[in-house]
1. Answer yes if at least one residue in region 118-131 is surrounded by 14 or more Cβ atoms within 10 Å (Cβ to Cβ), closer than 21 Å to Ser200 by Cβ, aromatic (Phe, Trp, Tyr) and under 13 Å from the mean Cα position of the chain (by Cα), and no otherwise.
2. Considering Leu188, Leu127, Leu100, Leu201, which residue is among the aliphatic types (A, V, I, L, M) and without any contact (Cβ under 8 Å) to a residue 24 or more places away in the chain?
3. Any residue that is among the hydroxyl-bearing types (Ser, Thr, Tyr), closer than 22 Å to Ser133 by Cβ and at pLDDT below 95 - is there at least one of those in region 18-37?
4. Among the residues of region 60-112, which ones are in a loop (DSSP other than H, G, I, E, B), aliphatic (A, V, I, L, M) and within 15 Å of the ligand (Cβ to nearest atom)?
5. Taking into account only those residues within region 167-188 that are among the β-branched types (Val, Ile, Thr) and within 13 Å of the ligand (Cβ to nearest atom), which is surrounded by the most Cβ atoms within 10 Å (Cβ to Cβ)?
6. Being more than 20 Å from Lys204 (Cα to Cα) and surrounded by 23 or more Cβ atoms within 10 Å (Cβ to Cβ) is the filter; apply it to region 41-60 and report the residue that is nearest to the chain's Cα centre (by Cα).
Amino acid sequence: MKIICIGRNYSDHAKELNNDVPSEPVFFFKPDTAILPKKQPFYIPEFTKDLHHELEIVVRINKLGKNIKEKFAHTYYDEIGLGIDFTARDLQKECKDKGLPWEKAKGFDYSAPIGEEFIKVNEIENLNDLNFSLYKNGERVQIGNTKDMLFSIDRIIEYVSQFVTLKIGDLIFSGTPAGVGKVEIGDLLEGYIEDRKLLSLKVK
Ligand code: MG
């Protein structure tokens, strides 16, 4: 499986990092080794001094597809959850400044923890108006709503599948809203969609 991540999909987050708002989706990959095994704590790697959380809605692909049209995209997934796109912001800045790829800042081992539980899409009233939030040590640090995505999940699937075949089990991290910030040893990260807690992660 592969992990496809969308960058700059919420304009308030693009602005907080002084990035331009993109005119088409921006994507990058994390390898399958970025998945954190269930119930494991996350250990901050030694190569970064500025590790950031990015809470994102995650879509699990359930059908093989290529060149998928936006209007059929909803038939390629039936559940969503939450994940954290951990980012070594200091390494990412170095890469960006040099015009180099971001992989070492984004794709390192266990950089993509996902929640224990996913929600069936048919249980969701409106996928394009869904609140989600991240609490760090009990304090809300990120809040987003899927209606503020620059590119909807279905548009992302259309766009990405022009270039890359989607396979069963692939995950799409659909971008983070504003409020990204540093995590420290001892932090507890908890992610919610509306009032359902779907993710809980201890940082060590
Ligand atoms: Mg991200």
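The values are calculated or read from the model by the stated rules, or taken from the named source; none is laboratory data. Predicted, not measured: the structure shown is a model, and the values here were computed from it. All Cβ positions, even for glycine, are placed from backbone atoms using ideal geometry, and neighbour counts span all protein chains on display.
1. No, there is no match, as no residue in region 118-131 is surrounded by 14 or more Cβ atoms within 10 Å (Cβ to Cβ), closer than 21 Å to Ser200 by Cβ, aromatic (Phe, Trp, Tyr) and under 13 Å from the mean Cα position of the chain (by Cα).
2. Answer to the selection: Leu100.
3. No - not one qualifying residue is present in region 18-37.
4. Within region 60-112, just Ala112 meets the criteria.
5. Looking at the filtered set, the residue picked out is Thr176.
6. Here the answer is Glu56.
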